[in-house]
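Comments concern the structure below.
Any read-out appearing in this document is the output of simple, stated calculations on the displayed coordinates, not a laboratory observation. Predicted model, so just to flag it, every value in this text is computed and none were measured. We place every Cβ from the backbone using ideal geometry, glycine too, and count neighbours over all the protein chains shown.
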Amino acid sequence: MSTMVLDREAMQEKIVSLTSAFQTASTREAASNAEIERRVNKFLDAINNRKQYLRETADNLSALFPKLSELSWCRGAEADAEAMEWIGKIVDLMDKMAAKMIRRYAETNAIFHKKGIDKTELRRYKEVADTMKEMAVDLHNRFYVFPQDAEMQDLISQFADL
Amino acid sequence: MTLYCTEEFKREFERLEKSSSYAGIGAVLVKTYCGATFDEARSGDLLNDLVTAFFVKKRLEGRGGFRFYVLAVIKDESIYLTFVHPKTGRHGADNITKAKHHELLKEVLRLRKQGGIMYELKPVASDSQKVEFLLRQAAPVITTA
């Protein structure tokens, strides 16, 4: 077994050097941890912001559905050129909004899927987009397609006997 | 208000009811239509203004989200459920076609003018989530000139 003669000066140097190394490592670790935490928080903020956008958009647009449904009950609008122009504009807006939402859904879905993020808000956003698109089709048919459809007009005249 | 349905509606409804993906469709139907007034039952999106009747789409929630297609005859306040589909899942669809529109309207016209098989719907007394289909033979509705 080898023995070492205690050299106080050399030992002190080693201790100072080791202490300094630990301090440097500790400082670096804290800085690195702070940087990771900063990046994680930034990422989580971005996700939360995106989810809030999805939630608010879905809420705001679905609140319009009852009014859009009322529009379908405007009887006799087909005979009013100005009313038909306004309805056409609304249907166009609905189509464009639905298309934009579906694109946004596709982009966000890819990100959420890759990162394993919960998709509850995203699913509701997609449902609202689909309903918007569906209502646009129904309104378009109601005011622009069926009034020109000979078979539908014939059915309406048959219903007159009821 | 009397609640009827066509054979096709009954067939589609029963097909969906069997699937666990569309559990609760019975409860949705009972809650929306059984005990409803005529005005409540004919509410929804007006698809076709038939003057003497309304053809309406009712969007209802529930697993999958359902679409009920309803013909409401004003004169005698009869409600005919003509078709149903979910929005999502195996039996899901975005919408019905123009041809399907015509077909559904023609079926109710046929029942009212020529008679035929239809069903009256009533909730099952012992189960508020289920509906029973009572077979009825539709008699032609005679209209006076």
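To one decimal place, what Kirkwood hydrodynamic radius in Å is obtained for chain B from all pairs of distinct Cα atoms?
Values: mean 1/r = 0.0649 Å⁻¹.
Its Kirkwood hydrodynamic radius stands at 15.4 Å.
Expressed in nm², what is the orientationally averaged projection area of the convex hull enclosing the Cα positions of the stretch A:24-94?
Numbers: hull surface 25.0 nm².
With the hull built on Cα positions only, its mean projection is 6.3 nm².
Counting only Cβ charges, +1 for Lys and Arg and -1 for Asp and Glu, the dipole size of the protein assembly as shown around its Cα centre is about 780 debye. Cut-off 17 Å, label point 7 angstrom out along Cα-to-Cβ of A:ILE111: give me the residues of the stretch A:17-53 whose amide nitrogen falls inside. Answer for this model: A:39-53.
Modelled spin-label separation between B:ARG90 and B:LYS18, with each label point placed 7 Å from Cα along the Cα-to-Cβ direction: 1.0 nm.
Share of Cα-Cα pairs in the stretch A:73-138 beyond 18 Å, in percent? Don't skip to the end; give the middle numbers.
Values: 1073 of 2145 pairs.
Of all Cα-Cα distances in the stretch A:73-138, 50 percent exceed 18 Å.
Peptides A:108-114, A:29-35, A:86-92 ranked from most to least packed give A:86-92, A:108-114, A:29-35, packing being the mean of other C-beta atoms within 10 angstrom over each peptide's residues. Rounded to the nearest 0.05, the FRET efficiency derived from the C-beta distance between B:VAL51 and A:PHE65 at R0 = 22 Å is 0.25.
Using only atoms on other chains, find how many Cβ atoms lie within 10 Å of each Cβ of peptide A:151-158 and report the average.
Per residue, the average neighbour count from other chains is 5.
Percent relative contact order of chain B, based on C-alpha pairs within less than 8 angstrom and at least six residues apart? Dividing the mean separation by the residue count of chain B yields 26 percent. Based on alpha-carbon atoms, the Kirkwood radius and the radius of gyration of chain A give Rg/Rh equal to 1.52. In whole angstrom, the protein assembly as shown maps to an equivalent ellipsoid with semi-axes of 64, 24, 13, each derived as √(5λ) from the alpha carbon gyration tensor and ordered largest first. Modelled spin-label separation between A:GLU37 and A:ASP95, with each label point placed 7 Å from Cα along the Cα-to-Cβ direction: 5.3 nm.
Taking R0 as 25 Å, what's the FRET efficiency between A:TYR53 and A:ILE102 from their Cβ-Cβ distance, rounded to 0.05? Calculated value: 0.95.
Looking at the P(r) of the stretch B:59-120, how many percent of alpha-carbon pairs lie beyond 20 Å? List each step's numbers first, then the result.
On the way: 661 of 1891 pairs.
Above the 20 Å cut-off, the stretch B:59-120 has 35 percent of its Cα pairs.
Between A:THR120 and B:THR2, the modelled label-to-label distance comes to 4.7 nm, taking each label 7 Å out from Cα in the direction of the beta carbon.
For the residues B:ARG59, A:ARG28, what sequence is obtained by ranking on other C-beta atoms within 10 Å, fewest first? Write down the numbers at each step before the final one.
Details: B:ARG59 17, A:ARG28 10.
Ranking B:ARG59, A:ARG28 by Cβ neighbours within 10 Å, fewest first, gives A:ARG28, B:ARG59.
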